[in-house]
Amino acid sequence: MTLRVPIVERIMNANDQVAGINRQHLDDAGVFAVNLMASPGAGKTSLILNTIQRLSPALRLGVIEGDTAPVTIDADKVSAVGIPAVQINTGGDCHLDAPMLDQGLQQLSLNDLDLVIVENVGNLVCPAAFQLGTHINALIASVPEGDDKPYKYPAIYRGLQVLIINKIDLLPYVKFNMDYFRQGVEMLNPGLITFPVSCTTGEGMDAWVDWLRNQALSV
Amino acid sequence: MHELSVTESILRICVEHAEKENASRVTDVYITLGRLSSIVDDSVQFYWELIAENSICAAAQLHFERIPAKILCLDCSNEYELDRDLEPCPKCHSARIKVISGDQFYVDSIAIEKGEKQ
């Protein structure tokens, strides 16, 4: 005979437990961590390099690079400016998960750092489902991607603490309705802190970096 | 393709509970999925058939219950359900809304058989 067994167990529980342990490690070391997500080409590495330029050496930064293949292009760029960078190869997976971040954190000497930026795999779908244990989830939306992304990828917008709109220098050349975009964001995540920036011209970068500095110093 | 690791989690949860109940096999798995969660059920089904093989869940049917997101309009207090795309309040067209639920993703229950295995 068949028997129905009630369970009601969140499927992401196992990941979220490891995320909790990651957070504890970060807090114990007094390190503030950012999970930086975006689609490929939105400017994750550019934003990281621009942020390093403005915050280092006053703040001691480390970067964890998530890539689907053993390609060290991003990590090399960060190392080249003298910042400790760890590369995590997800082995084809489209996202970082909490156990992968744990591996990455073990390769950084956390006690010598103030801020860790985790560059997630370029993807608007999968990273949304996996909490890493960082203090904030940040997303870069870039103007050429289009203004409909909050409507098409609601899950990733739901879990954010900060949004960066990159490539605003392209607004005159691209069909991007800022009001429509912002309305979608507002419906999913009311009052979300948002920084319009251009990594190319530097516009808006100071506001973002000042905010990040204050967050990092609050840990 | 994050559905692979997600499907592994589902299998782990089902096996754990089935063993606790001394099940001989799992016949059905009931999964609840909110409209705003980022899971593709077809992919879960695809991976399930690969990874559940040789487990107590082999041949178990997956059932997905997709539940609409619940939204509250902050301007007119209208509560409405979102089954498809994100949209402002259908009553007053305000975009000042609050998502009450819609991110659910959990194993609700399993159906098991007992007794054949002593």
Sorted by Cβ neighbour density within 10 Å, fewest at the top, the residues A:M1, A:M100, A:M205: A:M1, A:M205, A:M100
At B:N54 and A:V5, where each label point lies 7 Å from the Cα along Cα→Cβ, what is the point-to-point distance in nanometres? 2.2
Sorted from largest down, what three extents in whole angstroms do the Cα atoms of chain A have along their principal axes? 67, 42, 34
Given charges at beta-carbon only (K, R positive; D, E negative), |dipole| of region A:65-219 in Debye: 380
Positive minus negative residues near A:V31 (Lys, Arg vs Asp, Glu; Cβ under 12 Å): -2
For q = 0.12, 0.14, 0.22 Å⁻¹, Debye-computed log10 I/I(0) when each Cα of region A:54-107 counts as one equal scatterer: -0.28, -0.38, -0.82
Residues B:H93, A:H135 in order from fewest to most other beta-carbon atoms within 10 Å are B:H93, A:H135
When only alpha-carbon atoms are used, what values of Rg and Dmax, in angstrom, describe chain B? 18.2, 62
Going toward the positive end of the dipole of the protein assembly as shown, with +1 on Lys and Arg Cβ and -1 on Asp and Glu Cβ, which of A:G41, A:P99, A:V197 do you reach last? A:V197
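How charged is the neighbourhood of B:A111? Take every other residue with its Cβ under 12 Å from the Cβ of B:A111, and add Lys/Arg as +1 and Asp/Glu as -1.
Around B:A111, the surrounding residues sum to -1.
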Could you tell me what % of all Cα pairs in region A:124-219 have separations over 18 Å? 47
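Restricting to DSSP loop positions (anything but H, G, I, E, B) with no more than 11 other Cβ atoms inside 10 Å of their own Cβ, which trypsin sites (Lys or Arg not before Pro) remain in region A:135-211?
Here the trypsin sites (Lys or Arg not before Pro) that fit, given the DSSP loop and packing criteria, are A:K175.
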Cα lying deepest toward the dipole's positive end in the protein assembly as shown, options B:C76, A:N120, A:L55, charges on Cβ: B:C76
Output the lone cysteines of chain A: those with no second cysteine's C-beta under 4.7 Å from their C-beta. A:C199
Span per principal axis, largest first, for the Cα atoms of region A:173-219 (Å): 37, 28, 9
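For every other residue with a beta carbon closer than 9 angstrom to the beta carbon of B:S5, add +1 if it is Lys or Arg and -1 if Asp or Glu, then tell me the sum.
On the way: positive: none; negative: A:D93, A:D97, B:E3, B:E8.
Local net charge: -4.
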Given A:K44/A:K152; A:K44/B:K91; A:K152/B:K91, which pairs have Cα atoms separated by over 28 Å? A:K44/B:K91
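The numbers here are math on the coordinates, done by the rules we state, and not lab data. Just so it is clear, the model here is predicted, and its values are computed rather than measured. As a convention, Cβ positions derive from the backbone with ideal geometry for all residues, glycine included, and neighbour counts pool all protein chains shown.
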